[in-house]
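What follows is a single structure, written as C-alpha cells, with notes after it.
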Amino acid sequence: PETAESLKLKQGTALPLKVDPDEVIQITSIGEDQPRPITRRHVAQIIEARTAELFDHVAREIEAAGATNRLQAGLALTGGGSLLTGISQAARDQLGMSARVLAPDGLGGLTDSISTPPYAASSGLLIWGAKNWTVEGEREGGGRSLDNVGGRIAKIFRGLMP
C-alpha cells in the first residue's frame, strides 16, 4: 500500500480547484487489503486544510516576530512539504506575500538527493556549524578556519549514504 507521504507527493496538491473533480485514484487504507476509489480532489481538499493550518501558524509567528512588513523577499519554503504541488501558490494566497521553494545551494559534491528542499534545514545547520566551529584551546577570539566547507560537509553526507 502507498504511504500517506507518497500519496501526498504523487497525487496531492495544495490547490484542489486545479484538480478535475471526476478524477479517481485508488488508495489502500491502513488495515484494508483492497484499494478503494477516492477522488483526487478530495485528497487535495484534505491537503489544502492542513496547509491552511500550517500557514496560519506561520502568519502568527511572522506577526509575533514583528516581521510582517520586513519580508520584502518573501517566504522561503523548504523541507519535504515544499515538494507538494501548488504549495508556493497556496502560501502566496494565504499569506499575501511572495513565496518560493528553495533547495540547498553551494554544496558541491553532494548527490542530487541531498541537494533538495527536504535537506535544506539540516544542510544549512551543518554549513553554519562548520563556519562557526572553534577548536577548544585556540587563542581568544580565534577560531579554526575551515577551508572548503562544502567539501567537508559532502564528505560527511557521503559517509551516511548506502
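The values are calculated or read from the model by the stated rules, or taken from the named source; none is laboratory data. In this text the structure is predicted, and so the values were computed from the model without any measurement. Cβ sites come from the backbone with ideal geometry, for glycine too, and all protein chains shown count toward neighbours.
Considering every residue within the range 45-65, establish whether at least one is in a loop (DSSP other than H, G, I, E, B) and modelled with pLDDT of 90 or more. Walk me through how you get there before you give the answer.
Initially, the range 45-65 is screened for residues in a loop (DSSP other than H, G, I, E, B), giving 65.
Still in the running and modelled with pLDDT of 90 or more: 65.
Checking the range 45-65: at least one residue is in a loop (DSSP other than H, G, I, E, B) and modelled with pLDDT of 90 or more.
Considering the range 1-50, and only residues there that are touching a residue at least 60 places away in the same chain (Cβ under 8 Å) and closer than 15 Å to Gly80 by Cα, the residue that is surrounded by the fewest Cβ atoms within 10 Å (Cβ to Cβ) turns out to be Glu5. Scanning the range 63-75 for residues that are touching a helix residue (DSSP H, G or I) at 6+ places or on another chain (Cβ under 9 Å) and in contact (Cβ under 8 Å) with a residue 24 or more places away in the chain yields Leu71, Gly74, Leu75. Scanning the range 3-53 for residues that are within 16 Å of the chain's Cα centre (by Cα) and at positive phi returns no hits. For the range 1-36, the set of residues classified as under 25 Å from Gln89 (Cα atoms), among the charged types (D, E, K, R) and part of a loop (DSSP other than H, G, I, E, B) consists of Asp20, Asp22, Glu23, listed by residue number. Out of the range 78-106, which residues are modelled with pLDDT under 90 and not in a loop (DSSP other than H, G, I, E, B)? Listed by number, the residues that qualify are Gly80, Gly81, Ser82, Leu83, Val101.
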